[in-house]
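Every read-out reported here was derived from the displayed coordinates using simple, explicitly stated rules and does not represent laboratory data. As the structure is a computational prediction, the values presented were derived from the model and not from experiment. A quick note on method: Cβ atoms are made from the backbone with ideal geometry, for glycine too, and the neighbour counts reach across all protein chains shown.
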Amino acid sequence: MDDRLDVAVLGAGGVGGLLAALLARSGHHVTVLARDATADHLRRHGLELRSDAYGDSVETVSAEPRLEAAPDLVLVTVKATALEDALALVPPGSLGQALVVPFLNGLDHVDLLRSRYGPSHVATGTIRVESERVSPGVVVHRSPFALVELAAGQADPAQVQVAADALAGAGLSVTVRDDDRQVLWEKLSVLAPLALLPTSFAAPWGVLRDEHWAAVESVVGEVVAAALAEGVELDEGAVLGFLRDRVPDDMRSSMQKDAASSQPLELDAIGGAVLRAARRGGTEAPVTQRLVDGLASIAIPD
Ligand SMILES: NC(=O)C1=CN([C@@H]2O[C@H](COP(=O)(O)OP(=O)(O)OC[C@H]3O[C@@H](n4cnc5c(N)ncnc54)[C@H](OP(=O)(O)O)[C@@H]3O)[C@@H](O)[C@H]2O)C=CC1
Ligand SMILES: CC(C)(CO)C(=O)C(=O)O
């Protein structure tokens, strides 16, 4: 890889659109792999980013219905509920030496990608950000933070560092970590309460923080116990501190937005992952279970 990368982005939604726009703005060649409506819009009008933190702009990106030529980097930024279908746009034979970095919430997608593309091609990524695709090719970034963590797993650490440098050069806060399971569980420990509670209560985060903090503590405690049983030690105080002090009152999780717009929920990828780990490890997760059961009754089947 040299300084200017060929980057393919599978899914120019909230996360993928933000990353695609920032990478294109900083000089990388970005190809969005997208279905017809989004691809047509991107070809005709470009990719529009609206962001207080990064400024507003319209970026030129390529748009293709599937990956044909091997890029340096493939970012996977679809919802877990669409992952299997969307991966048809990235045939394993077109990958060449590219590094694949997913930014999905949850745990299980990494193994799916490793089995499809080979463990040496797949790193682990997480992002803490609030970003929303308001219409095809138009992305609004709302959070004051956009924090990326990467871990190589069985991929080449040098390739992961190149990806990290590109993302940092594009303006994201990027940390490269050693332990991929730790990275995924740390994000899940923040995300599970942020997704499950406000979606269940149909309330913004500020209401949960002020009126239902005991439920937040319960979910975090259950995630921490499930992770520990899997050999991953989380800092419960740090998780609660982030939720209490850094999450804006009006922040809405992607699950909340999916529920509000009758889209399939990533319930299995987020709550289901915690419950499966709790079952494997013999830990208790009654509050998470109640939330998942309640949301399952409103979840739109994918
Ligand atoms: N949004 C956020 O703030 C955050 C989200 N996340 C996680 O990131 C992941 C992505 O979420 P988000 O960006 O919100 O998702 P969005 O729903 O905004 O975007 C998903 C994208 O996937 C595309 N897509 C869906 N189905 C297919 C398919 N079959 N083939 C090709 N493309 C497809 C959509 O394309 P099309 O344009 O054609 O509809 C859309 O652009 C999720 O796991 C989420 O939990 C993590 C942190 C923050
Ligand atoms: C809660 C949030 C915004 C934190 O990054 C998130 O990951 C999501 O909504 O999917």
CD proxy, 222 nm, the chain: helix-only mean residue ellipticity via -39,500 (n - 2.57) per DSSP H run with n ≥ 4, per residue, nearest 500, stands at -13000 deg cm²/dmol
When the Karplus curve 6.51 cos²θ - 1.76 cosθ + 1.60 is applied with θ = phi - 60°, which whole-Hz ³J(HN,Hα) does each residue of segment 16-28 get, with x for Gly and Pro?
x, x, 4, 5, 4, 5, 5, 5, 5, 4, 8, x, 7
Residues Trp213 and Arg177, FRET efficiency given R0 of 22 Å [Cβ-Cβ distance, rounded to 0.05]
0.15
Set Lys and Arg Cβ to +1 and Asp and Glu Cβ to -1, take the dipole of segment 26-168 about its Cα centre, and tell me which of Phe145, Leu99, Ser135 lies farthest positive.
Ser135
Neighbourhood charge, 13 Å Cβ-Cβ cut-off, centred on Val292 and excluding it, Lys, Arg +1 and Asp, Glu -1:
-1
So what's the net charge close to Arg276: Lys and Arg +1, Asp and Glu -1, counting the other residues with Cβ under 13 Å from its Cβ?
-3
Take every DSSP beta bridge with both residues inside segment 6-178 and express the antiparallel ones as a percent of the total, to the nearest 5.
30 percent
From the Cα trace of the chain, what convex hull volume per residue do you get, rounded to a whole Å³?
114 Å³
Nearest-20 debye value, the chain charge dipole, Cβ charges on Lys, Arg, Asp, Glu
420 debye
Folded to 0 to 90 degrees: helix 236-245 orientation relative to the chain principal axis, Cα
70 degrees
Summing Lys, Arg as +1 and Asp, Glu as -1, what charge do residues with Cβ under 14 Å from the Cβ of Ser254 carry, Ser254 excluded?
+3
Go from 0 up to the bin containing the longest alpha carbon distance in segment 75-124, width 5 Å each, and give me the % of pairs per bin.
5, 21, 38, 27, 8, 1
Quick shape summary for segment 221-273, equivalent ellipsoid via Cα gyration tensor, semi-axes whole Å in descending order, reads 24, 18, 5
Additional length obtainable on full extension of the chain from Glu84 to Ser262, 0.36 nm per residue less Cα span:
62.1 nm
Dipole magnitude (debye, nearest 20) for segment 182-296, charges at Cβ of Lys, Arg, Asp, Glu:
240 debye
log₁₀ I(q)/I(0) of segment 182-296 at q = 0.16 Å⁻¹, via Debye over equal Cα point scatterers, no solvent, to two decimals?
-0.66
Sorted largest first, the C-alpha extents of segment 6-178 along its principal axes in whole angstrom are 37, 32, 29
Charges on Cβ only, +1 for Lys and Arg, -1 for Asp and Glu, centred on the Cα centroid of segment 211-278; of Gly271, Val223, Gly241, which one is farthest towards the dipole's positive end?
Gly271
Compute the orientation-averaged projected area for segment 164-219 from the convex hull of its Cα atoms and round it to one decimal in nm².
5.2 nm²
State the Cα centre-to-centre distance between segment 18-83 and segment 150-176 in whole Å.
18 Å
